[in-house]
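Structure, as structure tokens:
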Amino acid sequence: MNYYMKLTETGVAKIAASQMGGDRVSLTEMAVGDGDGNEVGQPVGDEITLVREVYRTQISSLYANPNDSTQMMAEMVIPAEDGGFALREVGIFDTDGDLFAYGNFPETYKPIAAEGSTRSMAIVAAIKIENSNNVQLVIDASIVYATRAWVLNTITTAYLIPGGEVGQVLAKASDSDGDFVWKNIVDDAELKRVIRLNSYFMGQN
């Protein structure tokens, strides 16, 4: 058995409308199901619901695969306190509540503490979309979880400290925490003087 995600016919139609100048498709939720106790076959595209949904939550992150720009990676997190069910299928839903993509999933059991074992579980689904610019994520940031993959793909130096130009340095703009400004060295005599002094004293050590 092979496992993969596939855009539903509804998802394909919405992507096509977006490519023709319509609004981007806004994805909001992911859900998992237990297949009503049975293994779920490979998706065909005409699905409109999961066989039997057991858990649904917001998508925690949506990003382009760094190795394939036509593939979107959608993530959901099932908290430690939720569970007691098997996972055999996964679906992605848009703001209209329509099933945008559907896939079968290797059977996995999500336990709860009362059963003697508990853990949070991250589910990652890869969706093949020719142009990832046609899809966006809409979330309530107050209830989402940051997964390790999202942090590694998002919290970069460029994300934390944007802006600046070649030859500039980062300096404090005021005494307030997080208040900084990019300084142009050639136009700031005082900054150049400080740099020269620092270089001089470092050379004395």
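Points worth noting:
- For G103, the test of being touching a residue at least 12 places away in the same chain (Cβ under 8 Å), closer than 18 Å to Y3 by Cβ and in a strand (DSSP E or B) is passed.
- Any hit, region 169-183, residues being closer than 26 Å to S120 by Cβ, at pLDDT below 75 and within 26 Å of the chain's Cα centre (by Cα): no
- Options E115, E130; residue that is of a type in the set (D, E), over 16 Å from T10 (Cβ atoms) and touching a residue at least 60 places away in the same chain (Cβ under 8 Å): E130
- Among the conditions (1) modelled with pLDDT under 90; (2) closer than 23 Å to S18 by Cα, S142 misses just one, which is (2).
- Which listed residue, of D46, D23, D34, is within 29 Å of A80 (Cα to Cα) and assigned by TED's automatic domain parsing to the domain that holds D82: D34
- Every condition in (1) more than 25 Å from T118 (Cβ to Cβ); (2) of a type outside the set (D, E, K, R); (3) modelled with pLDDT of 90 or more; (4) exposed (fewer than 13 other Cβ atoms within 10 Å of the Cβ) is met by F100 except one, and the failing one is (4).
- Verdict on E29 being in the same structural domain as I129 (by TED's automatic domain parsing), under 21 Å from T95 (Cβ atoms), charged (D, E, K, R) and out of contact with any strand residue (DSSP E or B) (no Cβ under 6 Å at 6 or more places or on another chain): no
- Only one of the numbered conditions (1) within 17 Å of N133 (Cα to Cα); (2) exposed (fewer than 15 other Cβ atoms within 10 Å of the Cβ); (3) not β-branched (V, I, T) is violated by D94, and that is (2).
The values are calculated or read from the model by the stated rules, or taken from the named source; none is laboratory data. Note that this is a predicted model, so its numbers are computed, not measured. Please note: Cβ atoms are built from the backbone with ideal geometry, for glycine as well, and neighbour counts cover all protein chains shown.
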